[in-house]
Amino acid sequence: MNRMPARSARFWTPLLPPEATAPRRYAFLLIPGYSQLGFACALEALSLANLHPSGQVFYTWRVLGETGEPVPAYNGITTAVDAALPELGRGETLVVCAGNRAAEGSTRPILNWLRRETRKGMDFGALSSGTYTLALAGLLAGKTVTTHWEYRDALIELLPDVIIENSLYS
């Protein structure tokens, strides 16, 4: 008769580096009309990672808007923000979250702020049609990107030298 070893009551915990590292910092810029689904999924992934049994905080974030006032998602639900277009640190990763009103929500102050902050050499990206906002700011020349299908043709017209993939990620 085969006997299975007794299972431990403890759950498996992933190994951590010997020394805890500083949390990775994210800054989420919400463009009015942004996709709440994409934003919430990104935050949930970071939040869940921070529930690691070691107690280590792996990620921190702040939520930004143009004016500092709550920003409405495309579904009408508003999200409070932590700051209005602040100076970012080079170690932060900037994520632009947009939706079905990316063109009208990508105002001159936002585009100028994006240009200024990304010149620091930080990592940056986008969720949903935030790629369109990055394109309007002139930050995607020569890059391979993806975008929401509704903005694909507009992005091709705006930036003929950008390679737009039909995949979910680039």
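The values are calculated or read from the model by the stated rules, or taken from the named source; none is laboratory data. Given the structure is predicted, the values throughout are model-derived calculations rather than measurements. Here the Cβ positions follow ideal geometry from the backbone for every residue, glycine too, while neighbour counts run over all protein chains shown. Keep in mind that these areas ignore ligands, DNA and RNA; they rest on the heavy atoms of the full protein, side chains included. Shrake-Rupley method; radii C 1.70, N 1.55, O 1.52, S 1.80 Å.
Does any residue of the range 31-38 turn out to be open to solvent by 30 Å² or more (accessible area, probe 1.4 Å), in contact with a strand residue (DSSP E or B) (Cβ under 6 Å, 6 or more places away or on another chain), closer than 18 Å to Leu114 by Cβ and not polar (S, T, N, Q)?
yes
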**Q.** Condition check for Gly121: over 29 Å from Ile77 (Cα atoms), under 17 Å from the mean Cα position of the chain (by Cα) and surrounded by fewer than 21 Cβ atoms within 10 Å (Cβ to Cβ)
**A.** yes
(Q) Please count how many residues of the range 71-103 are of a type outside the set (A, V, I, L, M) and either touching a residue at least 60 places away in the same chain (Cβ under 8 Å) or open to solvent by less than 30 Å² (accessible area, probe 1.4 Å) (or both). (A) 10
(Q) Being within 23 Å of Ala42 (Cα to Cα), touching a strand residue (DSSP E or B) at 6+ places or on another chain (Cβ under 6 Å), at pLDDT 85 or above and open to solvent by 10 Å² or more (accessible area, probe 1.4 Å) is the requirement here; does Thr144 meet it? (A) no
Q) Applying the selection to the range 153-170, what residues are in a helix (DSSP H, G or I) and crowded, with 18+ Cβ neighbours inside 10 Å? A) Leu155
